[in-house]
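Written out below as structure tokens is the structure these notes cover.
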Amino acid sequence: ASAGGALDGLFLNEARAAAGLNHRYIVTIHDAGLSPHGVYIAMERLYGRDLQRALAEGWRPSVEQTVQLVRRITDALAYAHSRGVVHCDIKPANIFLQRKDRPKVLDFGIARIVHGAALPALEGAVLGSPRYRAPEQLNGGAVDARTDLFSLGVVMYELLTGRRAFEGDSLAEINRAVLEHDPPPAHEADPKIP
């Protein structure tokens with residue numbers, strides 16, 4: 001099989017796994033398949049904006065809004081994890097906001113399907129977005145539910161403090177920060193945070 005064909009197969013398997021997830025805080029996948037034009041995925045239509053865009057446009061949630069939002073995302077992840085699916089790319093762009101308090105977790109496209117135990121990273125590939133990756137993703141280690149919780153914690157830190165937990169001007173600097181840097185606690189970064 002070609003590399004493209006292998007990727008298509010991976011995408012389809014994981015899109016179908018995501019299609020098996022039925023949760024009010026996870027985007028609903030209606031169908032995924034292969035057409036003459038390539039792989040397609042059909043999902044519910046959403047109205048609103050993703051968290052990345054909301055933050056870029058200046059939205060700063062209150063502590064209460066942040067806690068409610070993260071609690072709902074955690075509920076969605078716990079549901080997926082209980083069905084053997086680990087997302088592996090939790091980041092603001094993959095959290096869609098319908099109004100400010102109704103999240104939908106998007107893009108299980110690189111989700112890993114876990115059968116019984118933690119699953120090694122795909123042939124050493126580093127999956128996920130640099131600033132939100134868990135250390136085990138950088139080190140080529142096994143990923144499991146804790147990988148998603150780490151990434152969600154990084155998102156929560158950003159929501160609370162208005163700043164990124166891990167800075168850097170290059171991929172190498174960001175990776176080093178994830179592996180070696182301990183961000184100051186949120187209440188030290190912003191004394192208004194309890």
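Below is a table of values for the structure above.
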| quantity | calculated |
| --- | --- |
| Angstrom value of the Kirkwood radius, inverse mean 1/r, which spans all Cα pairs in region 33-112 | 13.9 |
| Listed residues 43, 156 arranged by accessible area, highest first, probe 1.4 Å | 43, 156 |
| Theoretical gain in end-to-end length, residue 83 to residue 180 [0.36 nm per residue, Cα-Cα removed] | 31.7 nm |
| Mean Cβ count within 10 Å, highest first, over the residues of peptides 30-38, 51-59 | 51-59, 30-38 |
| Linear extension gain, residue 102 paired with residue 74, 0.36 nm per residue minus alpha-carbon span | 8.8 nm |
| Placed amide H near residue 85: partners under 5 Å, 5+ positions off or other chain | 114 |
| Alpha-carbon centroid distance for the pair region 34-51 / region 149-194, whole angstrom | 31 |
| Hz values of 3J(HN,Hα) by residue in region 188-194 - Karplus curve (6.51, -1.76, 1.60), Gly and Pro given as x | 7, 5, 9, x, 6, 7, x |
| Region 20-89 - percent of accessible surface contributed by carbon and sulfur, probe 1.4 Å | 48 |
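The values are calculated or read from the model by the stated rules, or taken from the named source; none is laboratory data. Predicted model only: the values in this text are computed from it and were never measured. In this analysis, Cβ positions are derived from the backbone assuming ideal geometry, glycine residues included, and neighbour counts consider all displayed protein chains. Protein only, heavy atoms only, side chains kept; ligands, DNA and RNA dropped before computing areas. Shrake-Rupley method; radii C 1.70, N 1.55, O 1.52, S 1.80 Å.
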